[in-house]
Amino acid sequence: MNDGHQQIFATTRWTIILRAAQDDSPEALAALTEVCRGYWYPLYAYVRRQGFDPHTAQDLTQEFFAKLIEKNYLAGADRQRGRYRWFLITAFKCFLANEFDRVHAQKLGGGERPLSLDQMTAEERYAHEPADTMNADLIYDRRWALDLLARARARLRQDYEEGDKARRYELLSSFLPGEQPSGSQAALGEQLGLSENAVKQEVHRKKKRLAELIRSEVEQTVSHPDDVDDELRHLIDIACRC
């Protein structure tokens, strides 16, 4: 592996978070908080699918992240081969098994909350999940996959917005994987003042850039480069079931 690739994995969010167990730096806390925000809803969906009501699910999820940050749950994470997705759901299951009675006794949600989250939005999102076709573990993985893809798409959109091509992004995005084009690339070329071949080339570049961004998002959640391709395959498998 070249030095540049090694450097990437020295500075991913997950490797920074893994160091947070020993390094209580602002950088580590900021990285942890950012990833917690990204995973709050997948865990909320997991506990809702376990049969808990919305209020209890919100409080359990919030309490888990409070303890993750304040009680140093990270001390048990594997620094050699760690995947944030695996670590987080395993830790959450242990939390639900070991802490539920104690949390209820202390009145759920009564302590200080380190993250400001839109809990109503979480329940509104959950209302659109498949009713009963997925167990709790699968719905967690589904939300992990779809949210990661959404972050990559948002970064691609930002690429176009920074280049003042927001309308072009909207028109071209219908040709991205998972979308249903409403017209032909030739017709789109007429709207954009481009030839059909130019549209095909830009769609190709856009798909390639999206693939790069998806890989970049996955890299942020593993601590070793050997894990990236496995996570990508898992992502594709889960996304294809959605």
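Which lysines, if any, have their Cα less than 21 Å from the Cα of K67, not counting same-chain residues under 8 positions apart?
Straight-distance partners of K67: K93, K107.
Rounded, prolate or oblate for the stretch 121-242? Axes are the square roots of the Cα gyration tensor eigenvalues, ordered a ≥ b ≥ c, and the cut-off for rounded is a/c under 1.5.
prolate
No value in this document is a laboratory result; all are computed from the given coordinates. Quick caveat: nothing in here was measured; it's all calculated off a predicted structure.
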